[in-house]
Amino acid sequence: MALNEPLNRKLRMALVGGGQGSFIGRVHSIAACLDNRATLVAGALSSNPERAKASAPDYGIAEDRAYTSYQEMLEAELKLPEGERIDFVSIATPNHVHFEVADAAIKAGFNVVCDKPMTFDLAQAEQLLETVQANDAVFALSHNYTGYPLVRQAREMIASGELGEINAVRAQYIQGWLRTSLEEEDQKQAAWRTDPSKSGAAGAFGDIATHAYNLGRYMTGLLPDQVSCSLKTFVDGRKLDDYGTAVIRYENGALGTVTASQISHGRENDLEIEIDGTKGSLRWRQENPNEMIYRQNGKAHQILTRDPNAPFMNSMGAAACRLPSGHPEAFFEAFANVYASAFDAMAERAAGKSVEKKDTVYTNCYDGVEGMYFIQQCVASSGENAAWVPLKHEAARR
């Protein structure tokens, strides 16, 4: 099979953000190139021009394509012949920069892969959706946990009715790295994540609860109806929440909970979800991603392992695997699965085909709007003593 047919070549990637001291920028570059379908050729790696230039050698970006701003990058790339310019832009900046870069890149005709949460606030998210709808560019949102093989296995199991009607969804994302005021020590990741001018209206709930909420939506397809949320800031002087719990009422009558913490001692990156149906239940944990527990009353508990050749694996789960069983696949591979699905759409666009924007395997702009609505409504509910507020946005998809 030709590489990215009909292009028959690697896709050319540009990275915005990801300069020295960045975590997620490096992840984006590795994940995008993991399957040999893309190559990083350009970047505007920092809002600081000197750091942007100094960071380029870390990625192997040539000096003449190491730009000092995304505006300079888009303008210069558009001047290049089509056979040389970039195909897509990956955005790995703090939240407050996402919108302006994504909006400009799409309007310039480039495909976009954006880190989450999608924008700074809901108004920007809705405006970005209008831009995506009005243009033919591919837009993917890197809710990377949706790329794990067993998450996709669960999605297909639930969609096919194996769990029956879904009654409950319990998701939690527990970390401990912000137990102390790292932001006061000028730690880069802590500094912007706890700054309302860069992170947005929420802290832990914007940063990680959005992942937990999105995971439940992605796996079950349940449409939300209302939410009641309590947010708390436990570290003195911190401006945004570092702990919170939300209760969700879904349209079918199911209940869900989302708990997020960044101040729990000893917890690293513990994203976990349990889903109860009338026929069975599932439990999956990101720190042990190659196993999923399937339970039914009166039967022995089953541990479903990530095994693309096993008869219990469905097509969606198996398609997300790269290795045989017993060879662990994890964070980078899951991230790369989001990219792989987006690359398929980019290749379709290059072939002149109409590209689906809403009903995609990868998380997209519609999911991004819903994520921003989740943040807004949770903050609003918490400000009203956990009052029930609407949660279903018109952009929500199954």
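The values are calculated or read from the model by the stated rules, or taken from the named source; none is laboratory data. What you see is a predicted model, and the numbers here were worked out from it, not measured in a lab. When we count neighbours, we look across all protein chains shown, and the Cβ atoms used for this are built from the backbone with ideal geometry, even at glycine. These area figures cover heavy atoms from the full protein model, side chains too; ligands, DNA and RNA do not enter into them. Shrake-Rupley method; radii C 1.70, N 1.55, O 1.52, S 1.80 Å.
I need the peptides 170-182, 301-313, 238-250 ranked by packing, meaning the mean over residues of other C-beta atoms within 10 angstrom, with the highest value on top.
238-250, 170-182, 301-313
Compute the FRET efficiency between residue 107 and residue 48 as 1/(1 + (r/R0)^6), taking r as their Cβ-Cβ distance and R0 = 22 Å, and round to the nearest 0.05.
Once rounded, the FRET efficiency stands at 0.30.
Less than 17 Å from a label point 7 Å out along the Cα-to-Cβ axis of residue 310: which backbone N atoms in the range 137-156 qualify, by residue?
Correct set: 148-156.
Taking square-rooted eigenvalues a ≥ b ≥ c of the alpha carbon gyration tensor, is the range 170-210 rounded, prolate or oblate, where a/c under 1.5 means rounded and, failing that, a/b exceeding b/c means prolate?
Oblate, since a/c reaches 1.5 and b/c is not below a/b.
Taking the alpha-carbon distance from residue 279 and a cut-off under 18 Å, which aspartates and glutamates remain once sequence neighbours fewer than 8 residues away in the same chain are dropped?
Residue 279 reaches 156, 162, 165.
Straight-line reach from residue 188: which lysines have a Cα under 21 Å away, not including same-chain ones fewer than 8 places off?
Those lysines meeting the cut-off are 53, 116, 198, 239.
Pick out, from 106, 332, 149, the residue whose Cα sits farthest towards the positive end of the charge dipole of the chain, with +1 on the Cβ of Lys and Arg and -1 on the Cβ of Asp and Glu.
Of the candidates, 149 comes out farthest on the positive side.
Cα centroid distance between the range 1-52 and the range 138-183, in Å?
25 Å
Which of the GluC sites (Glu not before Pro) found in the range 161-259 are in a DSSP loop and have at most 16 neighbouring Cβ atoms, other than their own, within 10 Å?
Here the GluC sites (Glu not before Pro) that fit, given the DSSP loop and packing criteria, are 162, 165, 251.
So for the range 276-398, averaging the separation of alpha carbon pairs under 8 Å that are six or more residues apart and normalising by length, what relative contact order in percent results?
Normalised by residue count, the contact order of the range 276-398 is 13 percent.
Taking 0.36 nm per intervening residue step and subtracting the Cα-Cα distance, what contour gain separates residue 9 from residue 295 on full extension?
Taking residue 9 through residue 295 to full extension adds about 98.5 nm, to one decimal.
Show which lysines lie in cross-link reach of residue 79 when reach means a straight Cα distance below 19 angstrom and same-chain residues fewer than eight apart are skipped.
Straight-distance partners of residue 79: 107.
In nm, what is the difference between 0.36 nm times the number of residues separating residue 159 and residue 225 and their Cα-Cα distance?
Gain on stretching residue 159 to residue 225: 21.8 nm.
So, by mean Cβ neighbours within 10 angstrom, what's the order for 66-76, 16-26 with the highest one leading?
Per-residue mean Cβ counts within 10 Å order the peptides as 16-26, 66-76.
R0 = 35 Å: FRET efficiency of residue 351 with residue 278, Cβ-based, nearest 0.05?
0.20
Going by average Cβ density within 10 Å per residue, which order do the peptides 110-116, 34-40, 80-86 take, highest to lowest?
110-116, 34-40, 80-86
Kindly report, to the nearest 10 Å², the accessible surface of residue 51 as traced by a 1.4 Å probe over protein heavy atoms only.
Taking all protein chains as shown, residue 51 has close to 100 Å².
What Kirkwood Rh does the chain have if only Cα atoms enter the pairwise 1/r average? Answer in Å.
21.5 Å is the Kirkwood radius here.
Could you work out which residue, out of 188, 358, 79, moves most in a Gaussian network model of the chain, that is, has the largest mean-square fluctuation with Cα springs under 10 Å?
79
If each residue of separation counts as 0.36 nm, what is the full-extension length gain between residue 322 and residue 76 once their alpha-carbon separation is subtracted?
Taking residue 322 through residue 76 to full extension adds about 84.9 nm, to one decimal.
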